[in-house]
């Protein structure tokens, strides 16, 4: 466990993380793992985070070494899409039993890896460590090493027992595993000056495919997306990219930074959410590629595409203005990501009346202030009960948030739109913003709201005749 | 008689099974104003929580002791104490049900002992009922966690009755975890029609039936109250539904003297006839007209439906009691059970109308389901069903890709009638249309002749 402890410490010291760099050295040592309050905690564990980050690699067998609960309760739960292989949606676990705990689970794990390789023949097996085998001292690194030798395939240990920390830490440890065992282990057959990596994009609901056609049009090749719709060999060869974009900044900054350090791949932090952000990202990608030697004409072509796509998007959002003007939205979600959508909502005439800044950095907060002027409330820690009251009192027309608060809105009979990980709609790129505005419109103007808010016949003084009027 | 076979694989592929801790947590959700608490790392809770949210489409109260690596090594007493105090101050529950996990079990945390110490140190928590249950992930399955949690609630909360209760109209009903909130509502109607006063332990019908509360609550929205649990000794009968609840019923009888009856299942004509006969005799009330009509409707549905069920081959994967209910019912409708897969040991398995019952996973189901007409399992069967091109009827937990999982009925005459319609419609929709090739000669010599005459 000591090597894992060292790894966790290293991840905490991530120099690429702005929040981390702002800290004093003693505080930095404590890491970004906030001590959780028992009985008042929410969120996933490190194993959860690692699986979120790596499971989108579509042709790999993801094998979870642990009792049934870790994998049995969570498999096939996320909407990362694949353009080809479907093995990532098949669930593999050792499902440890009491016998394993008494005698150790290493042999069981080895046999499981062997079975997976024999039955499914994947290009690689990723083996995830969980709390229980970590407690009894199963050395998955050793088992994976032995299995890789015997079976002649990359068997990659992902050392992420849940109790070492949060989902976010798990993302980073997953990244470390890729750096240690996968990235740079193979060579691409050919490279072009237009090869990029996209890091921290998971292709949820197929969002990568909302962006990819534009890159294709510009002749920019995604050498590897880490990890949305990725294949093992793509990730293994990703060290030959000319530039990289880091999408979900908190999750995989260590991957982007270390790839720059080791392979000289420059990266920028960008977002595909929001029209302005999308354009900026395209610009940045092209600029980085040109800096690395791609022909400068790429810049001009990029500007042309941006101009055309922006115009098209605004044109398609414009018709919603009349319907959405003045509608008040509450925006509750972590980090900067959601903030990228504000411009589109404002363009459609909507007003942001409140937002949470719990997970936002001081920079984020400044940016939020700038975006919404002074007319929005910034909530630091809004309890569900208060959120419910806010909605019940109709101090907003719609809430955009993650699944966790879904029922707070719905039980208050308030339109709600999922803008978090589990959502079913793709909101990336120019296409995504138009889709978002359409979804908001659909949610707001659904005819159910007027019906479900009406009092029951026994709750009001209306006469039967008046009730009949509604029916007519 | 089925042979029960335990799979010999080293790697579980596409799990059917879920763990004990969340089975117990769900049982605790059937108590009013309750907060289930998992003593483990935060992932133990968050995975279960997300699973239930997707299944019930409701907010799910569930907390964690948030064990860190260090706390796991040193022991979790402080975390359990803090969690209970935090939950008490933040959500003001009447009941906290604490489930162990593999993490705390391997460490050897003595939850029951912890609670005694916490009780003594925190008199301000006296009004909150605390029940612990041992539910290691590495043993048993969801159904076992649920059943053990119910037994533990009986042991910890039910009071020994002071008066003779044979004349009471109260009946205790102990539903297995395969019953939905909708099933419990249906059973309540049935029991009340016999002028009985049923209490359900646990009662998911108030907690997870998807209704609109008048105000926000961070704990369960409904369910059996702690005082109702305490007074379960005043009932005239305990009715356990599903073999899994036998242990709880026996515990209750030992404690209170209330006699019990176990209905292994309540799906199908004969199973419900047995329930009606029992209720009529126990209550002294003749079977109400409503159920005479419903029985007649079920018989008619069986007559209309049997054409579509007869000779069909079904592949079923479910926890033992649900497997038992579904396979017996399908068998009674004329289906052949081609493959039966389950999660954990149970006395009902040998009685399943199949050659063998495999304790296994959905890979086993997929292999065995080749050529079947129907797959019956939870939503995770969707990939197998798609690959095999066989219609999937979703039962059990989780059902995350269909609406109304909390209201799916499998009990009662009416529930069985509608089940015939739902499954029958699925079979009808997948009837194979004949084509000119359908009756192509099957014997090799004849086929050769036909091929010869075909233009090349």
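The values are calculated or read from the model by the stated rules, or taken from the named source; none is laboratory data. This is a predicted model, so every value here is computed, not measured. Backbone-built Cβ (ideal geometry, glycine too); neighbour counts: all protein chains shown.
Whether a residue is within 29 Å of residue B:352 (Cβ to Cβ) and assigned to a loop (DSSP other than H, G, I, E, B) was assessed, and residue B:267 passes this test.
Quick one: in region A:181-213, which of the residues that are at pLDDT below 95 and outside any loop (DSSP other than H, G, I, E, B) is surrounded by the most Cβ atoms within 10 Å (Cβ to Cβ)? Applying the filter and picking the extreme gives A:201.
All of A:90, A:94 fail the test of being touching a strand residue (DSSP E or B) at 6+ places or on another chain (Cβ under 7 Å), modelled with pLDDT of 95 or more, facing another protein chain (nearest Cβ under 7 Å) and surrounded by fewer than 24 Cβ atoms within 10 Å (Cβ to Cβ), apart from A:90.
To keep it simple, each residue is scored yes or no on (1) in the same structural domain as residue B:385 (by TED's automatic domain parsing); (2) surrounded by 15 or more Cβ atoms within 10 Å (Cβ to Cβ).
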{"residue": "B:268", "(1), (2)": "no, yes"}
{"residue": "B:276", "(1), (2)": "no, yes"}
{"residue": "B:341", "(1), (2)": "yes, yes"}
{"residue": "B:345", "(1), (2)": "yes, no"}
{"residue": "B:355", "(1), (2)": "yes, no"}
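The single condition from (1) buried (at least 19 other Cβ atoms within 10 Å of the Cβ); (2) under 20 Å from the mean Cα position of the chain (by Cα) that residue B:226 fails is (2). Scan region B:394-405 for residues that are on the phi < 0 side of the Ramachandran plot, surrounded by fewer than 20 Cβ atoms within 10 Å (Cβ to Cβ) and more than 13 Å from every other protein chain (Cβ to nearest Cβ) and the total you get is 2.
Listed here are the helices (runs of 4 or more DSSP H) enclosed by region A:98-180 that have at least 1 residues being in contact with a helix residue (DSSP H, G or I) (Cβ under 7 Å, 6 or more places away or on another chain), more than 21 Å from residue A:59 (Cα to Cα) and away from chain B (no Cβ under 11 Å): A:106-120, A:140-151. Residue B:112 meets the conditions (1) surrounded by 20 or more Cβ atoms within 10 Å (Cβ to Cβ); (2) at pLDDT 95 or above; (3) farther than 17 Å from residue B:20 by Cα in every case but one. The failed one is (1). Restricting region A:317-337 to residues that are assigned to a helix (DSSP H, G or I) and more than 27 Å from the chain's Cα centre (by Cα) leaves a set whose member that is nearest to residue A:410 (Cα to Cα) is A:324. Exactly one residue among A:162, A:104, A:84 is modelled with pLDDT of 95 or more and at positive phi, and that residue is A:104.
Does residue B:220 satisfy the criteria of being assigned to a loop (DSSP other than H, G, I, E, B) and in contact with a strand residue (DSSP E or B) (Cβ under 7 Å, 6 or more places away or on another chain)? Lay out the reasoning, then the answer.
Details: assigned to a loop (DSSP other than H, G, I, E, B): yes; in contact with a strand residue (DSSP E or B) (Cβ under 7 Å, 6 or more places away or on another chain): yes.
Taking the combined requirement at face value, the residue satisfies it.
Note on region B:120-142: residues that are touching a helix residue (DSSP H, G or I) at 6+ places or on another chain (Cβ under 7 Å) and either exposed (fewer than 14 other Cβ atoms within 10 Å of the Cβ) or more than 14 Å from chain A (Cβ to nearest Cβ) (or both) total 4. Taking the criterion of being assigned to a strand (DSSP E or B) and under 24 Å from residue A:164 (Cα atoms), the residues of region A:62-97 that qualify are A:62, A:63, A:64, A:65, A:92, A:93. What tally of residues in region B:1-50 results from selecting those that are assigned to a strand (DSSP E or B) and either facing chain A (nearest Cβ under 8 Å) or touching a helix residue (DSSP H, G or I) at 6+ places or on another chain (Cβ under 6 Å) (or both)? The total comes to 9. Mind checking whether some residue in region A:275-289 is in contact with a helix residue (DSSP H, G or I) (Cβ under 6 Å, 6 or more places away or on another chain) and not in a helix (DSSP H, G or I)? No, region A:275-289 contains no residue that is in contact with a helix residue (DSSP H, G or I) (Cβ under 6 Å, 6 or more places away or on another chain) and not in a helix (DSSP H, G or I). Of the residues making up region B:172-218, those that are crowded, with 24+ Cβ neighbours inside 10 Å and within 14 Å of another protein chain (Cβ to nearest Cβ) are B:207, B:208. The residues in region A:32-53 that are more than 7 Å from every other protein chain (Cβ to nearest Cβ) and touching a strand residue (DSSP E or B) at 6+ places or on another chain (Cβ under 8 Å) can be counted, and the count is 7. Please determine, by comparing only the residues of region B:53-70 that are crowded, with 24+ Cβ neighbours inside 10 Å and not in a loop (DSSP other than H, G, I, E, B), which one is farthest from the other protein chains (Cβ to nearest Cβ). Here the answer is B:56. On inspection, residue B:98 qualifies as within 21 Å of the chain's Cα centre (by Cα), within 12 Å of chain A (Cβ to nearest Cβ) and not in a loop (DSSP other than H, G, I, E, B). So, in region B:237-250, how many residues would count as being touching a helix residue (DSSP H, G or I) at 6+ places or on another chain (Cβ under 7 Å) and either outside the structural domain of residue B:284 (by TED's automatic domain parsing) or surrounded by fewer than 19 Cβ atoms within 10 Å (Cβ to Cβ) (or both)? Summing the residues that are touching a helix residue (DSSP H, G or I) at 6+ places or on another chain (Cβ under 7 Å) and either outside the structural domain of residue B:284 (by TED's automatic domain parsing) or surrounded by fewer than 19 Cβ atoms within 10 Å (Cβ to Cβ) (or both) in region B:237-250 gives 1. Under the condition of being more than 11 Å from every other protein chain (Cβ to nearest Cβ) and modelled with pLDDT under 95, which residue from region A:54-80 is farthest from residue B:87 (Cα to Cα)? So, considering only residues that are more than 11 Å from every other protein chain (Cβ to nearest Cβ) and modelled with pLDDT under 95, the one farthest from residue B:87 (Cα to Cα) is A:80. Just so you know, in region B:75-95 the residues that are surrounded by 24 or more Cβ atoms within 10 Å (Cβ to Cβ) and in a loop (DSSP other than H, G, I, E, B) include one that is farthest from the other protein chains (Cβ to nearest Cβ), and it is B:93.
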